[in-house]
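Enquirer: Sharing a structure, written as structure tokens. Questions coming.
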Amino acid sequence: MEIINILGNKLAVILNISPPAARGLIKLSIKDEFGPFKPISQLNYEDFKLILNQSLRNRLQNLDVVNYDSIVENLLEELKQNQSLITIGGV
């Protein structure tokens with residue numbers, strides 16, 4: 001899913017971790033929010049906003065990331081700028 005790659009790459013740069021690790025954080029946050037049985041391809045823009053605002057925010061906070069609020073806001077802005085990728089071609 002392209003939007004996960006974009007958000008993961010952005011998060012990787014911010015946290016200074018590898019892109020696969022950052023994408024893993026996002027995918028774990030998806031599972032936290034919706035459980036293991038909802039396909040990622042069925043997620044919409046509002047779902048991703050919820051994931052970033054709740055599950056990912058909690059994960060970053062639990063990992064003692066200092067600026068977790070500003071990181072989430074940064075990712076929400078990135079999501080907003082790239083929301084068309086969610087609707088095109090079954091991301």
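Enquirer: What helices (runs of 4 or more DSSP H), lying completely within the stretch 30-85, carry at least 1 residues that are small (Gly, Ala, Ser) and free of Cβ contacts under 8 Å to residues at least 24 places away in the same chain?
Expert: 68-81
Enquirer: Something else now. For the subset of the stretch 7-16 comprising residues that are open to solvent by less than 60 Å² (accessible area, probe 1.4 Å) and without any contact (Cβ under 8 Å) to a residue 40 or more places away in the chain, which member is farthest from Leu79 (Cα to Cα)?
Expert: Among them, the one singled out is Ala12.
Enquirer: Here is a further query. Name every residue in the stretch 1-23 that is within 9 Å of the chain's Cα centre (by Cα) and small (Gly, Ala, Ser), in order of residue number.
Expert: Gly8, Ala22
Enquirer: Sticking with this one: Have a look at Ile86, Ile71 and point out the one that is at pLDDT 95 or above, hydrophobic (A, V, I, L, M, F, W, C) and surrounded by 16 or more Cβ atoms within 10 Å (Cβ to Cβ).
Expert: When all the criteria are applied, what remains is Ile71.
The values are calculated or read from the model by the stated rules, or taken from the named source; none is laboratory data. The structure displayed is predicted, hence computed values, not measured ones. Backbone-built Cβ (ideal geometry, glycine too); neighbour counts: all protein chains shown. Protein only, heavy atoms only, side chains kept; ligands, DNA and RNA dropped before computing areas. Shrake-Rupley method; radii C 1.70, N 1.55, O 1.52, S 1.80 Å.
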